[in-house]
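This report concerns only the one structure given below.
The values are calculated or read from the model by the stated rules, or taken from the named source; none is laboratory data. All figures in this text were calculated on a predicted structure; none of them were measured in a lab. Methodologically, a virtual Cβ is constructed for each residue, glycine included, from the backbone with ideal geometry; neighbour enumeration extends over all protein chains shown. Protein only, heavy atoms only, side chains kept; ligands, DNA and RNA dropped before computing areas. Shrake-Rupley method; radii C 1.70, N 1.55, O 1.52, S 1.80 Å.
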Amino acid sequence: KRQVPSALVTGKDGMFYMATQHQQKNDVRGVSSVIYKLDKSLRIVWKRSFLPTTPSRIHAIKTRRNGGFIVAGEIAVPGGKNRQRIGGWLMALSSQGGMEWQREYPRGFNSRLNFVYESEKGHIFSAGTAEPPADAARSVWVMTNYENSNPIWQRYFTGPYDYNVAGFHVVAPHFASALLQGTPVKKVGMSHVRLLDLSSLGNVLNDRSY
């Protein structure tokens, strides 16, 4: 079995919470997500495995107002015609690592959530990427959810480029900033950095490329 670290956060109790992927040897599909609680001497306090029969990857873990955690990543979802695709994934955990809810968000053929934050009002802000089923450009996907996992709004930012989200910062409840990296799809245009400022409703306040 192979372990790959993916995220680390300090909890409100001062302990460390480390997310990893466990992969069975010679089975790239058999990837499951695990979170460890470590004390201040880095000894394991507990270990939690999530949906071990469904391939998943945790990309971000953040503390919540209630002392629990919100997790963002990707998870395998049905794709039709015996195909498998990847969808965005959010999961809310208690302070002891118990799952309060988890939800998949399939968008296009493949999608994932790389960043996540909880606002003072309990709304969940996340950002990642979504790839259309057709041979089209990858877009950056920003979403805000109620604390029960239901989406409030979501926005896609695209163009004649493959976009990745390189950074995401929330100054809730006022606005969020997303840092994008654009790569030309058909070798037309230039690679660039794009910075977006968004309102609490997802409206673009500023959009600059560098």
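What to note about this one:
- Within region 100-123, being acidic (D, E) and in a loop (DSSP other than H, G, I, E, B) holds for one residue alone: E120.
- Condition met for Y156 (of a type outside the set (S, T, N, Q), touching a Ser or Thr at 6+ places or on another chain (Cβ under 9 Å), in a strand (DSSP E or B) and open to solvent by 20 Å² or more (accessible area, probe 1.4 Å)): yes
- Contacts under 6 angstrom Cβ, first residue in region 195-208 being in contact (Cβ under 8 Å) with a residue 12 or more places away in the chain and of a type in the set (D, E, K, R), partner open to solvent by less than 40 Å² (accessible area, probe 1.4 Å) and assigned to a strand (DSSP E or B), 6 or more apart: D197/S177; D207/L196
- Scanning region 180-194 for residues that are within 18 Å of E131 (Cα to Cα) and either in contact with a strand residue (DSSP E or B) (Cβ under 7 Å, 6 or more places away or on another chain) or in contact (Cβ under 8 Å) with a residue 60 or more places away in the chain (or both) returns L180, Q181, G182, T183, P184, V185.
Yes or no, residue by residue, for (1) surrounded by fewer than 19 Cβ atoms within 10 Å (Cβ to Cβ); (2) on the phi > 0 side of the Ramachandran plot; (3) of a type in the set (V, I, T):
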| residue | (1), (2), (3) |
| --- | --- |
| T63 | yes, no, yes |
| G67 | yes, yes, no |
| A72 | no, no, no |
| E100 | yes, no, no |
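- Verdict on G108 being under 21 Å from G14 (Cα atoms) and not hydrophobic (A, V, I, L, M, F, W, C): no
- Scanning region 166-182 turns up no residue that is farther than 27 Å from R65 by Cα and either among the aromatic types (F, W, Y) or not in a strand (DSSP E or B) (or both).
- Residue in region 44-60 that is aromatic (F, W, Y), surrounded by fewer than 19 Cβ atoms within 10 Å (Cβ to Cβ), over 19 Å from M18 (Cα atoms) and touching a strand residue (DSSP E or B) at 6+ places or on another chain (Cβ under 8 Å) present: no
- S126 vs. criteria surrounded by 15 or more Cβ atoms within 10 Å (Cβ to Cβ), modelled with pLDDT of 90 or more and assigned to a loop (DSSP other than H, G, I, E, B): no
- Test result for G108, buried (at least 18 other Cβ atoms within 10 Å of the Cβ), more than 24 Å from T158 (Cα to Cα) and not polar (S, T, N, Q): no
To keep it simple, each residue is scored yes or no on (1) under 28 Å from M99 (Cβ atoms); (2) among the charged types (D, E, K, R); (3) touching a Ser or Thr at 6+ places or on another chain (Cβ under 9 Å); (4) without any contact (Cβ under 8 Å) to a residue 60 or more places away in the chain.
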| residue | (1), (2), (3), (4) |
| --- | --- |
| K121 | yes, yes, no, yes |
| F125 | yes, no, yes, yes |
| Y146 | yes, no, no, yes |
| D162 | no, yes, yes, yes |
| A176 | yes, no, yes, yes |
